[in-house]
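Down below is the structure, laid out as C-alpha cells.
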Amino acid sequence: MEPVYLFDLASRHANWASVRQSVLTSNVANANTANYQRMDIEPFSEVLDETSLSLASTTPGHLNVNGTEVGAADAGSVDNWEVKETGGPVKLESELIEADSVNRGFSLDTAVTRAFHRMLLASVRSGA
C-alpha cells in the first residue's frame, strides 16, 4: 500500500474516467438494443471514501498528531472498478449529461496536473 500523491491521484481519476466514458459510450451504442440494461461503475468519490489516509511522519522532527505515532498513509487500491448493471433502460439525454461530466473531470485532472507541474518546475528553477 502506497501513500496518495497528487499526480497519482489525478492519474487514477483519469483512469477511472476513461473506464466510465467507455461504459457510457457502450450504453449509448446499445440504447436501441432489446432488453439491454444500463451499465455504470462505482463513483470515484465512493472509492476514495473507502480508502483510509493518515498523516506520515517521515522525519523525527515532525509533530505527532494527538500524541500518537503516525504511520505511512494507506491509500488502498482505487483502480479496481467493477462495471455493474443499474437495472434500468438507457436514456440518451442522461448518458450525454454523464459523458459531459466525465469530460469535465478529465479537464480538471489536466488543469491540476498542469498547475502542480508548473509549481515543481518553478521550485526546481529557483533552487529551493
### Query
With respect to THR110, is the statement that it is within 14 Å of LEU9 (Cα to Cα) and modelled with pLDDT of 90 or more true?
yes
## Note on the structure
Only one of SER101, SER94 is open to solvent by less than 80 Å² (accessible area, probe 1.4 Å), of a type in the set (S, T, N, Q) and under 19 Å from the mean Cα position of the chain (by Cα), namely SER101
### Query
Taking the stretch 7-30, which residues are modelled with pLDDT under 90 and farther than 18 Å from ARG104 by Cα?
ASP8
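The values are calculated or read from the model by the stated rules, or taken from the named source; none is laboratory data. Just so we're clear, the structure is a prediction, and the values are computed from it rather than from any experiment. Surface accessibility is based on the protein's heavy atoms, side chains included, excluding ligands, DNA and RNA. Shrake-Rupley method; radii C 1.70, N 1.55, O 1.52, S 1.80 Å.
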